[in-house]
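Shown next, in structure tokens, is the structure this report addresses.
Each value in this text was obtained by applying a stated rule to the coordinates, not by laboratory testing. Note that the structure is a prediction, hence the values are computed from the model and not measured. Positions of Cβ are backbone-derived with ideal geometry, glycine not excepted, and every protein chain shown enters the neighbour counts.
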Amino acid sequence: MVEPDTQWIFSLPSGEYQGHPTRKHGFLAYIKILNRGLRDVSLSSWKLIIDTIDGQKIELRPLSIPQPQIKLGASENLKLFPVLGSESTMIKSGDSVSGFAYYIAEFYGSDRYNISIKEGKIRGKAVIESIFGNKANTIITFNEITLEKAKELINDIDKIH
């Protein structure tokens with residue numbers, strides 16, 4: 001079972017592909033995965049599937065990121081959040097694992113090859129697969145934030161690719 005908790009989308013600085021400008025978006029999701037099965041299982045992947053304006057499905061794979069962190073109040077204390085898959089992908093029966101996953105979608109050319117953000121939101125589907133080939137999925141609604149807000153969680157998130 002997959003339970004999304006906190007998730008955001010933000011625009012990244014544009015790039016270039018074959019002399020044409022690109023549009024880039026970062027997806028940062030905090031995902032909790034529960035093992036309701038009778039045996040321990042290891043995860044093999046946690047992908048994100050999004051739709052383009054013209055209805056094409058784009059499969060995104062997670063990128064390696066440092067642990068997201070936030071400053072607690074006026075103090076210098078930091079709260080660190082786990083990254084999905086950075087320590088262990090083994091989930092014991094009846095247990096769970098959680099952490100952040102980061103994805104990037106990049107498009108160039110016609111605007112129909114882009115994502116459709118409506119009222120500051122976009123939906124995607126998280127697809128979790130075990131090493132046995134079993135899959136679980138859930139719909140995630142991403143809320144749009146600024147790149148500056150994303151950089152408060154991961155300082156150089158715009159330099160990760």
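Among GLU129, GLU16, which comes first, second and so on when ranked by fewest other beta-carbon atoms within 10 Å?
Ascending number of Cβ neighbours within 10 Å: GLU16, GLU129.
Give me the compactness ratio for region 50-100, meaning the Cα radius of gyration over 2.2 N^0.38 Å.
1.67
Obtain the nm distance between the two label points defined at SER45 and LYS135 by a simple spin-label model: each point lies 7 Å from its Cα along the Cα-to-C-beta direction.
In this crude label model, SER45 to LYS135 measures out at 0.9 nm.
In whole angstrom, how far apart do the alpha carbon centroids of region 129-161 and region 56-90 sit?
Each part's Cα centre sits 8 Å from the other's.
Want the number for LYS159 to ILE70: 0.36 nm per residue separation, take away the alpha-carbon distance, what's left?
Result for the pair: 30.1 nm of gain on full extension.
By counting other Cβ atoms within 10 Å of each Cβ, how are PHE107, PHE142 ranked from fewest to most?
If I rank by nearby Cβ atoms, fewest first, I get PHE107, PHE142.
At most 13 other Cβ atoms within 10 Å and a DSSP loop assignment: could you name the trypsin sites (Lys or Arg not before Pro) in region 1-94 that fit?
Filter output for region 1-94: ARG36, ARG39, LYS92.
When the helix-only estimate is applied to the chain (DSSP H runs of n ≥ 4, each -39,500 (n - 2.57), divided by the residue count), what is the mean residue ellipticity at 222 nm, nearest 500 deg cm²/dmol?
The per-residue figure over the chain is -1000 deg cm²/dmol.
Cα convex hull of region 65-147: mean projected area in nm², to one decimal?
For region 65-147, averaging the hull's shadow over all directions gives 8.9 nm².
Just list whichever of LYS125/LYS159; LYS118/LYS149; LYS79/LYS149; LYS121/LYS151; LYS71/LYS149; LYS71/LYS125 have alpha carbons separated by over 21 Å in the model shown.
LYS125/LYS159; LYS71/LYS125
Which three semi-axes in whole Å describe the equivalent ellipsoid of region 2-159, each the square root of 5 times a Cα gyration tensor eigenvalue, listed largest first?
Calculated on Cα positions only, the semi-axes equal 27, 22, 13 Å.
Taking the Cα centre as origin and putting +1 on Lys and Arg beta-carbons and -1 on Asp and Glu beta-carbons, what dipole magnitude results for the chain, to the nearest 20 debye?
For this selection, approximately 340 debye.
Using Cα springs under 10 Å in a Gaussian network model of the chain, which residue among GLU144, GLU87, GLU76 shows the largest mean-square fluctuation?
Looking only at GLU144, GLU87, GLU76, the largest GNM fluctuation is found for GLU76.
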